Structures are given as C-alpha cells and as structure tokens.
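Quick notes on the structure that follows.
The values are calculated or read from the model by the stated rules, or taken from the named source; none is laboratory data. In this text the structure is predicted, and so the values were computed from the model without any measurement. Cβ placement follows ideal geometry from the backbone for every residue including glycine, while neighbour counts extend to all protein chains displayed. SASA here: full protein model, heavy atoms, side chains in, ligands and nucleic acids out. Shrake-Rupley method; radii C 1.70, N 1.55, O 1.52, S 1.80 Å.
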Amino acid sequence: MEILMVLGLPLLGAALLAVFGARRFAAELNAGMSLATLIAASFLVLRVIRHGPLLAGHEQFFVDPFNVFLVALTAFVGFTTALFSRPYMRIEEHHGRLNPGRLRLYHSMYQLFMAAMLLALLTNNMGLLWVAMEAATLSTVLLVSLYRTRASLEAAWKYFILCGVGIAQALFGTILLYFAAEKALGRQGMTALLWTHLNAVKGQLEPRVLGLAFVFLLVGYGTKVGLAPLHNWLPDAHAEGPTPVSAVLSGLLLNVALYAVIRCKVLVEGSIGHILPGRMLMTFGLLSAVLGAFFIWRQRDIKRLFGYSSIEHMGIITFAFGLGGPVANFAALLHMTVHSLTKSSIFFTAGHASQTAGTQQMDGIRGLVGISPTIGWGLMLGSLSILGMPPFGVFASEFLILTTAMREHPWTTPFLLIALGVAFAGIFSRVQPMVFGESDAPPLPHSPALLPVFVHLGMVLLLGVYMPAALAEWYRAAARLIG
Amino acid sequence: MHHSELIAQLLKVIAAGLLLISFAMLASRRTQQLITLFAWQGAMLFVSTCLVAYSSGLTEMYYSAGLTLLLKVIALPWILHRLIHRLGAQWDSEQLVNVPTTMMAGLALVIFAFGLAQPITSMATTITRHTLGIALAVILLAFLMMITRRKAVTQVIGFLAMENGLFFAATSATYGMPMVIELGIALDLLVGVFILGIFFFQIREQFDSLDLSNLESLKED
C-alpha cells in the first residue's frame with residue numbers, strides 16, 4: 001500500500017502538471033505533490049522500522065535496509081528541490097529564459113523523473129530496474145535542453161547518446177544475468193529476475209557468465225554514476241540544465257545508478273567471490289576521484305566545477321564499496337547521504353549566485369555576502385562541508401574510508417589524499433573570492449527560498465557530530481547486507 | 001528431428017543475414033537507405049523470433065515476435081521516414097572516412113565478439129545458441145557505426161540497431177526476456193525515439209543542420 005502511494009503520487013503529479021504545469025500555482029502543486037510523496041515515503045520507512053523488510057505486489061517490489069534509506073533520501077531531496085525551484089524558476093521566467101510551455105514540461109518531467117527513480121529503488125526485478133533507469137534518463141533529457149541554447153542542446157545530446165549506449169551495455173548484462181538465473185532456477189518467466197530469488201541462489205549461478213555480466217553492468221550503470229572514463233556527459237548536463245535539475249541529477253540520480261551497481265555486485269560476489277568485483281570498483285573509483293579532482297582546477301563555470309566535484313565524490317563512494325566489509329560499506333552509505341544533501345544545497349546556492357551575477361562564469365561572480373548574506377554563507381558553508389571539513393558529516397565518512405583504505409590497501413592512500421587535497425585547493429580558491437569581495441549587482445526580483453540549504457547543511461552537521469542510534473543501526477544493517 | 005534441424009539451419013542463415021545488414025549499414029551513406037536497412041533488420045528479427053517460438057513451443061515468444069513486427073518493422077521506420085521528410089533530410093548523404101579501415105575494424109570486432117560469446121555458447125541449451133556471437137557482433141558493429149558517423153539521424157539509427165542486437169542476444173541465449181520487461185524496453189525505445197524527434201527539430205532550429213560537428217563546443221580546454 002505504502003509502496004503504491006510512493007510510486008503513484010509522483011505519477012499522478014506528472015499527469016496533473018502535464019495539464020496545469022503552466023498555471024501560476026504549478027510550482028506550488030509541484031512542491032505539494034513532492035511533499036505528499038515524502039509523507040508516503042515516511043510511512044513506508046515507519047512500517048519497515050516496525051515490521052522489518054517487506055515484499056509486495058507478487059514479490060515485484062521489496063524494501064530492505066539498503067533501499068529504504070535511499071527512498072527516504074530521494075523523496076526528501078525531491079521535496080526540498082521542489083521548494084527551491086519555486087522562486088528559482090520564477091526568476092528564470094522573469095529573466096526571459098523560459099516560457100509557460102517549457103515550465104509545464106519542466107514540472108511534469110520533474111515528477112516523472114522522481115517516479116522513475118523511486119521505481120528503480122523499490123523494484124525487486126532486475127529487468128524493471130533497467131527499464132526504470134532508462135526512464136529516468138529519458139525524462140531528464142528534455143530538462144537538460146530546457147533553455148534551448150546551443151550549449152544546452154549539445155549537453156542534452158551527449159547525455160542521451162552516452163547514457164543510452166551505457167544503458168544498452170547494462171541491458172546486455174541483465175540478459176546474461178537472466179541467462180545464468182535460468183540455468184539455476186529453471187525457466188520461470190518473471191520470477192527468474194527477482195533480486196531476492198537470485199540472492200537466495202547466488203552461490204549456484206555460473207561464475208563465468210556472472211563475471212562477464214558484471215563487466216557489462218558496471219560499465220552500463222557506471223556511465224550513469226559518472227565514473228571516469230565514462231563521465232563526459234556529467235559536467236555538461238549539470239552546467240547547461242536548469243539548476244533544480246542539476247541538484248537532483250547530482251544529489252539523487254547518481255546515487256540511484258550506484259545503487260543499481262551495488263545490487264548487481266552483491267549477486268556477483270556470491271558467485272565469483274569478492275576479489276574481482278571489489279578490485280574493479282576500487283579501480284574505477286580511484287580513477288574517478290583523481291581525474292575529477294584534477295579537472296576541478298580547469299573549470300571556469302561554477303556548475304561545471306561542482307559537477308566535477310560530484311565525479312570525485314562518486315569515485316570515493318564507489319571505491320569504498322569496492323573495499324567492502326562492514327566499516328567501508330557503512331562509510332560509503334553515509335557518504336552517499338551527506339554528499340547528496342550537501343551537493344544539492346550547493347547547487348541551490350550556486351544557482352541563485354549565478355542568477356544574481358547574471359553569469360555562471362566564476363570570474364563574474366563576486367561579493368555574494370554583500371548582496372545576500374544567506375546565498376554567500378550558504379555557498380561557503382556548503383563548500384566547506386563538501387571539502388570534508390570537520391565537524392560536517394562528510395569529514396566523518398571520508399575519515400572512515402581513508403582509515404579503512406590505509407589498513408587494507410595502503411597503496412591507495414596517496415591517491416585518495418591527492419584527490420582530496422587537489423579538490424580542496426581547487427574549490428576553496430574559487431569559492432572564496434566569489435563569496436567575499438566587492439560587488440554592485442542588484443538583488444533578485446523574487447526572494448530565494450534558501451531554507452532547504454540550511455536544513456540540508458544542518459542535517460549534514462548533525463550526522464557529523466551525533467548520529468542517531470536508529471540511523472546508525474540502519475546503516476549497519478544495510479552494510480551487512482551488501483557484505 | 002529433421003524438422004528442428006531445418007529450423008536450426010534457417011536460424012543460422014537469418015543470423016548471417018543480420019550480420020550482413022550490419023556491415024551494409026556501416027558502409028551506406030544515404031539516410032533513407034539506412035532506414036530501409038534498419039527495417040530489414042527488424043524483419044529478420046521477426047522471422048527468427050517466430051521460428052524460435054515455433055520450435056520451442058513458447059507462446060510468449062509469438063507475442064514478442066508480434067511486438068518486434070509492430071515496433072521495429074513498422075512503427076520506428078515509419079516515424080523515422082516521417083521525421084526526415086519533415087526535416088527535408090531524405091536525400092542527405094554523408095562523407096564516409098575510410099570505408100576499408102572501418103570494414104577491417106568491423107571484422108576485428110566480429111572475431112572479438114565470437115571469442116567473448118564462446119564460453120556462454122558452450123553452456124546454453126537453446127536452439128539458437130550458436131548465434132549469440134553474431135548477436136554480440138551486431139551490437140558492437142552498431143556501436144562502431146555510432147562512433148564513426150557525424151549525423152544525428154545516423155547515430156540514432158545506430159542506437160536502434162544496437163537495441164536490435166540486444167534483442168537478438170536475448171532470444172539467442174535465453175528465448176527472450178520476460179514479457180513485462182520486453183514491453184518496458186519497447187516503451188522506453190518508443191519514447192526515446194519520440195524525444196529524439198523533438199530533439200532533431202530543436203537542433204536544426206539552433207544550428208541549421210543536423211551535422212553533429214556543430215555540437216563540439218563543450219570541451220575542456
């Protein structure tokens with residue numbers, strides 16, 4: 001029942017907004033539907049806390065500690081982003097970058113995108129997972145090209161083709177998985193791709209097939225995670241799309257894609273052991289972290305800058321999952337949460353900062369504190385948080401990842417430290433002059449909604465200094481599940 | 001016994017035809033010709049799925065064959081034809097760089113595909129198992145086509161051909177994916193082509209051409 005609500009509400013929202021998306025109240029409706037989804041998700045969480053993992057809809061949907069926290073996170077950030085987008089999109093309309101038709105498309109696709117991600121998280125069926133991931137790509141392609149500028153069209157095209165090709169690889173991986181499942185479970189039609197069934201027989205799945213399947217699945221879903229060297233679409237799509245879209249792409253979609261990779265990894269590890277998949281995740285992760293950090297230095301556009309920072313952080317999380325074991329998995333899950341909260345809040349402030357300055361070029365953005373203290377300090381605090389300064393939660397997770405890496409694979413530590421250091425210097429040296437300094441830009445025509453920024457950062461701070469016991473237990477259960 | 005022997009032979013012929021079409025696509029310059037080739041590829045898939053359905057006695061496979069016929073032989077080629085007519089691009093042709101080299105690369109890919117498929121082929125029990133290598137080759141050749149071409153429509157046809165290869169791989173290895181999944185994939189594909197159609201118009205409006213060399217300004221410098 002709760003699952004039906006969580007998936008049905010955003011779909012209903014998409015249908016409603018396809019009709020009313022251009023009206024004055026569309027932004028409020030968008031936020032309202034997102035709030036309703038969040039409430040439904042909270043009920044789902046409560047139910048899982050009380051009664052434990054659940055299977056529903058002829059076993060087609062399932063909720064366990066691993067996906068329930070991502071469902072909650074997705075619904076939450078979906079709601080706060082909808083709140084942020086209300087004044088943001090009004091200002092964009094005021095600046096003449098959007099017309100009512102495009103706003104309708106935006107609102108409707110935003111809800112559809114939420115529905116696709118929640119379906120990907122909740123489905124028990126590896127085939128449906130693929131369909132939902134593809135649907136999530138399709139619903140955001142037209143959002144990336146919303147402004148119809150040359151650069152945004154190019155970004156959207158690249159996004160579509162690269163992720164399309166990537167997701168085709170994942171489909172081949174899924175076919176191989178189904179092939180192996182048929183051998184172990186017999187021909188059962190729909191049930192042979194159910195994750196819970198596969199997980200029960202993962203020891204009997206043919207290792208050679210699963211090894212090959214994992215390569216395709218990792219490359220396929222990894223493209224959407226933004227893992228180097230398949231990351232090319234990510235900075236473009238983040239920079240050229242509207243800021244709320246950048247926030248949900250970075251904060252949510254990357255997480256959901258990584259979730260798909262990890263679900264596959266659990267199955268594959270049961271068959272071929274943890275050495276090969278773990279090493280592959282570690283390699284891709286380290287490469288992304290280091291490349292992402294170095295590319296940060298070459299950026300002039302504020303949203304591209306933080307796009308590369310997302311690549312770096314997804315690399316670190318992937319690396320931690322590759323390390324495996326309860327501590328590293330715990331840290332990776334924590335890092336997924338704090339990165340998603342922090343990065344979306346950074347995009348909120350970065351979006352308003354570029355609206356204020358009239359450009360996304362960092363050279364043109366100066367003296368934010370003078371114009372609007374909330375935007376300026378929001379960006380500063382968000383950047384400090386994403387750079388892993390204590391006492392924010394990012395520090396805690398990065399510290400755990402680093403110490404585990406030092407103990408188990410000491411050779412990786414220098415790479416991690418270089419990535420973190422280079423990213424720190426790169427981002428801090430850019431953000432500092434944007435926040436402080438002199439400016440004479442006029443204030444914004446609509447007052448921005450910056451409450452979400454400080455709520456997000458407050459939560460990240462809370463996770464850094466004190467983690468509620470229930471949440472910690474939850475992460476531990478999920479970490480055990482991943483193995 | 002003779003019967004299934006004949007069907008297996010026919011399936012191999014069809015698989016060879018699919019591979020041939022992939023190479024033809026790689027070498028063809030005209031957009032319209034590419035769409036025709038794509039429709040033929042769909043038709044081959046339809047026939048092979050019907051044959052597999054007949055020999056395995058799985059009614060589900062007939063549905064999936066019907067879906068192939070509707071989507072890949074009729075709907076998608078028709079949409080693409082309409083699109084290029086509306087765009088006035090039906091006589092477009094593009095300069096191909098170095099066809100012989102592309103062909104040699106294609107050959108290498110086919111050999112690689114067979115090597116990759118070998119362990120799985122030896123494990124499969126389906127009547128079509130020997131064609132898995134060809135399915136993989138079709139996927140890789142479509143990929144090669146996407147890399148070497150510079151026109152938006154051509155890249156999309158390459159993308160769709162890749163999906164054809166994936167579908168063929170699914171029937172070769174496992175007698176097809178569960179029906180619901182296939183419906184989902186088909187829906188995604190259809191929506192994708194619609195979105196791309198919208199996209200073509202947006203790109204042409206901005207750049208006055210569908211040549212993707214215009215879309216190369218977002219680079220790290």
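In this simple spin-label approximation, B:H81 and B:E216 carry label points 7 Å from Cα along the Cα→Cβ vector, and these lie 3.4 nm apart. So if we plug the beta-carbon distance of B:L187 and B:I74 into 1/(1 + (r/R0)^6) with R0 = 22 Å, what FRET efficiency do we get, rounded to 0.05? Between B:L187 and B:I74 the formula returns 0.85. According to the square roots a ≥ b ≥ c of the eigenvalues of the Cα gyration tensor, what is the shape class of region B:3-208, taking rounded for a/c under 1.5, prolate for a/b larger than b/c otherwise, and oblate for the remainder? Oblate.
Treating r as the C-beta distance of A:E438 and A:W411 and R0 as 41 Å, the FRET efficiency rounds to 0.30. Rounded to 0.05, the FRET efficiency of the B:E60 and A:F399 pair, given R0 = 60 Å and the Cβ-Cβ distance, is 0.70.
Of the chymotrypsin sites (Phe, Trp or Tyr not before Pro) found in region A:381-483, those in coil by DSSP whose Cβ has at most 16 other Cβ atoms within 10 Å are A:F436, A:Y466. Principal-axis analysis of the Cα atoms of chain A puts helix A:373-386 at an angle of about 30° to the longest axis.
The H on the amide N of A:D301, modeled in the peptide plane, is under 5 Å from the matching H of A:M362, each at least 5 residues off or on a different chain. Across region B:159-171, computed HN-Hα scalar couplings (Karplus, 6.51 cos²θ - 1.76 cosθ + 1.60, θ = phi - 60°) run 4, 5, 5, 4, 5, 4, x, 4, 4, 5, 4, 5, 5 Hz from first to last residue, x flagging Gly and Pro.
In a DSSP loop and with at most 16 other Cβ atoms within 10 Å, the GluC sites (Glu not before Pro) in region A:399-483 are A:E438.
What pairs from A:K183/B:K72; A:K158/B:K151; A:K303/B:K151 go past 24 Å between their alpha carbons? Write out the running numbers ahead of the final one.
Details: A:K183/B:K72 30 Å; A:K158/B:K151 13 Å; A:K303/B:K151 29 Å.
Going by Cα-Cα distance, A:K183/B:K72; A:K303/B:K151 fall outside the 24 Å limit.
The GluC sites (Glu not before Pro) of region B:172-221 meeting both criteria, a DSSP state outside H, G, I, E and B (loop) and at most 13 other C-beta atoms within 10 angstrom of the site's C-beta, are B:E216, B:E220. By the helix-only formula, in which each DSSP H run with n ≥ 4 contributes -39500 (n - 2.57) and the sum is divided by residues, the protein assembly as shown has a 222 nm mean residue ellipticity of -26500 deg cm²/dmol. B:H130 sits with roughly 100 Å² accessible to a 1.4 Å probe, with DNA, RNA and ligands left out of the calculation.
The angle separating the long axis of helix A:393-408 from the principal Cα axis of greatest extent in chain A is about 40 degrees. Once both labels are positioned 7 Å from their Cα atoms along Cα-to-Cβ, the gap between A:L4 and A:L55 label points is 2.0 nm. Distances between placed amide hydrogens fall under 5 Å for A:L54 paired with A:V63, all partners being 5 or more residues away or on another chain.
Phi angles of region B:17-23 translate, via the Karplus equation with coefficients 6.51, -1.76, 1.60 and θ = phi - 60°, into HN-Hα couplings of x, 4, 5, 4, 4, 4, 5 Hz per residue; Gly and Pro are given as x.
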